[in-house]
Amino acid sequence: MSKLIHKYRILLLIGVVVLAVFSVGQFSKLRINPSFNDYIPAGVGNRAYLEKLDSIFGGSEKLLLILTNEEGIINPDTYDRILKLTDELQGLDGVERCMSLIDVIEIQLEDGITSFNPIVDEIPEEKEELLLLTERILKNEMGQRFVSQDLTATAIIISKSTEIDDKLMIQGIKNVIENNPGDEEVYIGGLAYVRQSIKSYIKHDLLTLLPGAIVLMLLMLFFAFREWKGVFIPFVVVILSILFSFGLMAIIGWEISLITILLPIMLIAIANDYSIHLINLYQEKVEDSQGRSMKEIVIEIYYELRKPILITALTTIGGILGLLSHKMPPAAQLGVLAAVGIGLALLMSLFLVPVLLSFYPIPKDKKLKKIHKKFFMTYVLDLFAKWVNVYPKRVIVTFVLVALLSSTGLFFLKVDTNVESYFIGKSDIKKGIELVNEKFGGSQYVSILFQGDVLSPEVLHRMEKYTEEIRKVPHVGHIISPSTFFKELSKGMYMPNELGYEALPTSEDEALQYMELLAMSGYDGSVSQLIDYNYEHARILVSMTDGSNQTMKSILKALGELTANDPNLVCIAGPGLSKIQIADMVISGQIKSLLMALLIIFVLLALIFKSMIAGLKGSLPLVLSSLFLFGLMGFLGIPLDIVTALLSSIMIGVGVDYTIHFLWRYKSEYADLSDSKQAIVNTLKTAGRGIIFNAFSVIVGFSILIFSSFAPLRFFGVLVVVSIFSCLISALLLIPAVIVVSKPQFLEPK
């Protein structure tokens with residue numbers, strides 16, 4: 001360190017600047033990926049089935065335009081607007097098909113000829129005729145997909161090619177809406193719109209939360225240290241760790257996801273922890289500099305703190321690497337990137353921070369008085385010292401009781417990975433989702449895929465039976481089935497008084513005639529999403545009015561039981577089912593990451609203090625804090641989701657630092673004083689101050705998440721504040737109380 005300070009400090013600064021410039025140069029490679037399907041490993045479960053469905057029926061996606069008018073949508077002005085919108089939307093690049101009320105047909109047999117007539121070609125002026133028209137629309141199987149039962153909303157359904165960029169498509173749709181104004185409110189729904197909204201919200205969060213977190217961090221640092229070097233130096237470490245981590249992300253080729261928003265916030269909250277302890281000790285040393293130069297003081301600080309800083313950084317990295325046990329790739333990627341960022345922050349704290357400090361002169365006496373002005377926290381720490389020395393058993397019992405009472409909330413803890421619940425307030429996307437679910441049977445579909453002789457009467461009758469049974473399942477919206485199409489087509493082959501009217505084909509040849517009739521009329525595209533062109537695959541599409549995990553699981557269970565013994569069944573799959581698989585991954589990942597993080601911390605503590613007892617006692621605050629945290633989530637109804645499932649690894653990785661700093665300083669104080677109670681008092685007054693600064697730095701950094709555009713990130717911000725505060729109080733009260741009561745051998749001087 002002496003050589004670095006006296007000879008190579010300029011060289012180190014140049015190297016850091018070059019590396020930072022190189023990292024920023026990689027940012028152009030970064031891409032945002034809002035898709036939740038990529039949270040599932042490729043070729044696994046529902047994702048594999050979705051790929052199979054795409055290979056059979058094509059890779060198109062559905063977008064919905066919802067037009068609402070409280071006075072009703074069956075009127076000439078609305079119909080004229082629907083005509084114009086449908087026509088212009090059909091002309092957009094990437095639109096494979098655009099269907100609306102104007103495409104709803106009635107199939108009839110007239111004078112021995114099958115006719116396909118639009119159900120609406122104009123809006124009648126007479127009330128009786130208008131009433132008859134609305135009744136015909138609402139009774140028509142196809143019409144029910146485009147008009148709500150209360151006639152206040154109508155849908156335009158767009159089949160979008162997966163090859164076209166979401167942003168270009170959504171912008172094109174918005175332009176068409178602008179060019180065709182009207183009295184109706186227009187909302188957009190569908191997976192592509194949700195993805196694009198998530199993408200824009202991720203950008204918004206990164207551009208607003210990151211500066212906000214930095215400002216809060218700077219204010220906290222100035223409040224803590226009362227001098228600008230105490231603000232500037234940790235700030236430099238944080239910014240560099242963020243630049244290096246995102247540069248690495250770009251080099252590897254990983255994409256920015258919803259979870260990635262946590263990376264810069266984590267680094268702002270955690271990466272300055274080690275420099276905070278260095279600045280805290282520096283302020284202790286300069287108060288009694290005794291004629292020493294700043295360079296000498298800096299070298300002394302380095303040797304005194306390098307071991308505890310190295311140890312706490314390793315435990316933090318170890319805890320965060322618990323995220324590697326998650327099967328969700330973005331979660332594992334966050335663990336790697338955060339661990340690398342914290343590792344780089346460690347190196348910069350050990351080498352760059354002393355170098356930067358060495359450039360400053362020792363503060364004058366007047367400034368020192370300002371720096372060491374007694375804070376409110378000093379009185380709090382004095383009170384803590386009294387409690388643990390006088391009432392240690394009461395302190396321990398209180399912590400245990402709180403943890404046990406909190407743990408009863410675990411029975412109320414739920415898992416919910418429904419992306420529809422991630423949006424907050426009355427935004428257009430939230431309103432669009434609600435309208436689709438309430439008035440159009442939901443936008444989330446499940447496919448029941450069959451393979452084999454799908455046009456045979458036996459298979460068609462089975463699908464018809466399933467369709468009727470599925471209608472009875474709660475929260476099922478629309479059901480689009482091949483059997484429904486064939487029954488509608490029969491109206492063009494038979495008269496109402498004939499046996500085959502509104503019935504399924506009696507033979508495979510008759511079914512083929514129906515398909516040929518549909519192709520000749522130009523309406524074969526309507527059924528191409530249900531039966532493939534080789535007539536080898538068919539599917540029933542089922543929409544859900546409620547996208548919650550609980551509802552999806554109950555519907556999936558009902559569909560599974562209904563089709564359990566079907567010899568032609570291939571799979572039940574759909575974009576809506578991905579979240580159920582993600583939910584299962586969240587649960588298993590949460591358990592594995594929690595156990596893995598606790599095991600890593602236990603091993604590291606046991607190695608650091610050369611005692612298994614140290615591993616157990618040092619892990620105690622983390623176990624109690626975990627019980628308190630998850631119990632609180634259960635009581636407050638905060639679900640485990642793709643974001644909150646990451647909490648335990650982060651809490652354990654960060655929270656253990658406070659325990660280590662306390663134990664390390666206590667061991668040193670006890671060795672000098674041989675008085676356990678006085679050693680606790682001194683430790684709380686010295687290291688306790690740095691621990692509080694450290695914890696509040698994390699709390700302040702993560703608290704900015706309460707302003708996120710996403711509900712899970714807001715919950716995460718609140719829960720981090722609660723969990724870190726719990727770890728802080730445990731380190732300052734529970735750990736010293738345990739020391740007073742048990743007098744552990746691993747802290748005895750040798």
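The values are calculated or read from the model by the stated rules, or taken from the named source; none is laboratory data. Computed from a predicted structure; not experimentally measured. Note that each Cβ is placed from the backbone with ideal geometry, even for glycine, and that neighbours are counted across all protein chains shown. Only protein heavy atoms, including side chains, enter the accessible area calculation; ligands, DNA and RNA are left aside. Shrake-Rupley method; radii C 1.70, N 1.55, O 1.52, S 1.80 Å.
Annotations
- Rg followed by Dmax, in Å, when segment 533-660 is reduced to its Cα trace: 21.8, 70
- Alpha carbon centroid spacing (whole Å) that separates segment 537-615 from segment 654-697: 41 Å
- Using 0.36 nm per residue and subtracting the Cα-Cα separation, the extra length available between A48 and I252 on full extension is 70.9 nm.
- Surface share of carbon and sulfur [accessible, 1.4 angstrom probe, percent] for segment 1-116: 55 percent
- Where the Cα pairs of the chain fall when distances are cut into 10 Å bins, in %: 3, 13, 20, 19, 14, 11, 9, 6, 3, 1, 0, 0
- Distance from segment 381-413 to segment 214-255 (C-alpha centre basis), Å: 34 Å
- Sorting 555-566, 162-173, 126-137, 577-588 by average packing, meaning the other beta carbons within 10 Å per residue, from highest down gives 577-588, 162-173, 555-566, 126-137.
- Shape analysis of segment 478-563 based on the Cα gyration tensor places the equivalent ellipsoid semi-axes at 29, 15, 12 Å, largest first.
- Normalised convex hull volume, segment 321-365, alpha-carbon set, Å³ per residue: 84 Å³
- FRET efficiency, 1/(1 + (r/R0)^6) with R0 56 Å, evaluated for S528 and F27 via beta carbons: 0.85
- Think of it as helices only: each DSSP H run of n ≥ 4 in the chain is worth -39500 (n - 2.57), and spread over all residues that comes to -20000 deg cm²/dmol at 222 nm.
- Across all Cα atoms of segment 560-628, the radius of gyration (one decimal) and Dmax (whole number) stand at 21.1, 63 Å.
- Burial order of peptide ranges 64-71, 423-430 (average beta-carbon count within 10 Å, highest first): 64-71, 423-430
- E300 versus I10: modelled label distance in nm, points set 7 Å from Cα along the beta carbon direction: 2.8 nm
- Once the 1.4 Å probe is applied to the protein heavy atoms, the chain comes out at 42 Å² accessible per residue.
- Relative protection proxy for 713-724, 73-84, from highest mean packing down: 713-724, 73-84 (other beta-carbon atoms within 10 angstrom).
- Shape category assigned to segment 54-136 from the gyration tensor of Cα positions, a/c cut at 1.5: oblate
- Given their separation in residues at 0.36 nm each and the Cα-Cα distance between them, E110 and N75 gain 9.7 nm when the chain is fully extended.
- Residues with amide H under 5 Å from that of H475, placed H, sequence gap 5 or more: none
- Centre separation in Å (Cα based) which lies between segment 183-207 and segment 708-741: 34 Å
- When each of K393/K617; K167/K199; K393/K685; K3/K295 is checked by Cα-Cα distance, pairs over 18 Å: K393/K685
- Directionally averaged projected area (convex hull, Cα atoms, segment 602-698), nm²: 7.4 nm²
- To put it simply, the accessible area of segment 548-645 at a 1.4 Å probe is 72 percent carbon and sulfur.
- In this structure the amide hydrogen of K414, modeled in the peptide plane, comes within under 5 Å of the amide hydrogens of L640, none closer than 5 places in sequence on its chain.
- Gain in span if fully extended, M377 to L616, counting 0.36 nm per residue against the direct Cα distance: 83.1 nm
- Distance (nanometres) between label positions extended 7 Å along Cα→Cβ at K139 and V18: 8.3 nm
- Backbone amide hydrogens, once placed in the peptide plane, bring I32 within less than 5 Å of I256, excluding anything fewer than 5 places away on its chain.
- Rounded to 5, the percent of DSSP beta bridges in the chain classed as antiparallel: 95 percent
- Using a probe radius of 1.4 angstrom, the carbon and sulfur fraction of the accessible surface of segment 302-367 is 67%.
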